[in-house]
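Worksheet for the structure shown next.
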Amino acid sequence: MFLKVFLVILRHYLTVTGLFVKKIYLILLCIMFTCFGCKWRLQSGSHSESDMVIERYDRLEASFLTTGDFSALQQMQTRYPMQTRRLIEDVIKLGKVDDAHINVRFLSFFQDSTLQALIAEVGRQYEKMDDIDKQLSKSFGRMTHLLPELKHPEVYTQIGSLDQSVVVDGTLLGISLDKYLGADYPLYVKYGYSEKQRSMMLRDYIVPDCLGFYLLSHYPAPSDSLRLQHMGRIQHTVNCLMDRKIFENAHVEEARHYMNNHKGLTFAELLEGK
């Protein structure tokens, strides 16, 4: 519509002969061209805002834990205070982040040769994460349409000690890259992870796990007795957000059939147990 009006004015400008009238049309053309440009920029801006870029907190963490780089520690504390607190207090459980000797304890804990090898392997496998950024952007873009009430989280990466895969704290979502080093990674076998568990400790499961844990934080299971049914609904929703089948089991199929038989049901209602 905007372009059609612009073209009509342009056609009139080219056909009129009076100098005064031509000036009026020229002014109108300039105004329309400026507005058109503003509209295009707003559309471009709204698209870029949907793109998600992972904050590479793990790089600062690795720098401090492998070299004792104090400037890296300062950046962790000033740029990522909530992430640092969550890592130290809740993931590796070393104590309170404001304890007098917590930084020394944090550094000493990771001097173990096994954990140093873990840090090195994370750096090798996850030097680049552009593919994960793109998957997150697409999946959370679909979430905007399927679950518009949910805000997009701020996603960051960290290195734990083979503890939690994904941690969620409000709109903060942390990915522990040490839990996604591949099914055959020797430490997983050494520490007794089952074959089924290791089959999901892959790069390909990072985004599905992010979606699943984020949904679960907003839509917890209503009761223990309904936990498996609820997880089926969470996983079915993740499949839809990923636009492909990641999870396949009886409870996922049950959720899919339930939605097919209740055409007006929203995903929010499904996850709320309605």
Sum up the lysine pairs in the range 182-274 that clear both bars: alpha-carbon distance under 26 Å and a spacing of 8 or more or different chains.
4
In Å², and per residue, what accessible area does the range 61-151 have when probed at 1.4 Å with the other protein chains present?
54 Å²
Are there trypsin sites (Lys or Arg not before Pro) in the range 64-112 that DSSP marks as loop and that have at most 14 other Cβ atoms within 10 Å, and which are they?
Lys93, Lys96
Apply the Karplus parameterisation 6.51 cos²θ - 1.76 cosθ + 1.60, with θ equal to phi minus 60°, to every residue of the range 239-247 and state each ³J(HN,Hα) to the nearest whole Hz, in sequence, with x for glycine and proline.
4, 5, 5, 7, 6, 6, 7, 9, 10
Tell me, what HN-Hα J-couplings in whole Hz come from the Karplus equation 6.51 cos²θ - 1.76 cosθ + 1.60 at θ = phi - 60° for each residue of the range 108-120, using x for Gly and Pro?
5, 4, 8, 7, 4, 4, 5, 6, 5, 5, 5, 4, 5
Need one number: nm distance between label points at Ala250 and Arg227, each 7 Å from Cα along Cα→Cβ, rounded to one decimal.
1.7 nm
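The values are calculated or read from the model by the stated rules, or taken from the named source; none is laboratory data. The structure displayed is predicted, hence computed values, not measured ones. Here the Cβ is made from the backbone with ideal geometry for all residues, glycine too, and neighbour counts use every protein chain on show. What goes into the accessible areas is simple: the full protein's heavy atoms, side chains included, and nothing from ligands, DNA or RNA. Shrake-Rupley method; radii C 1.70, N 1.55, O 1.52, S 1.80 Å.
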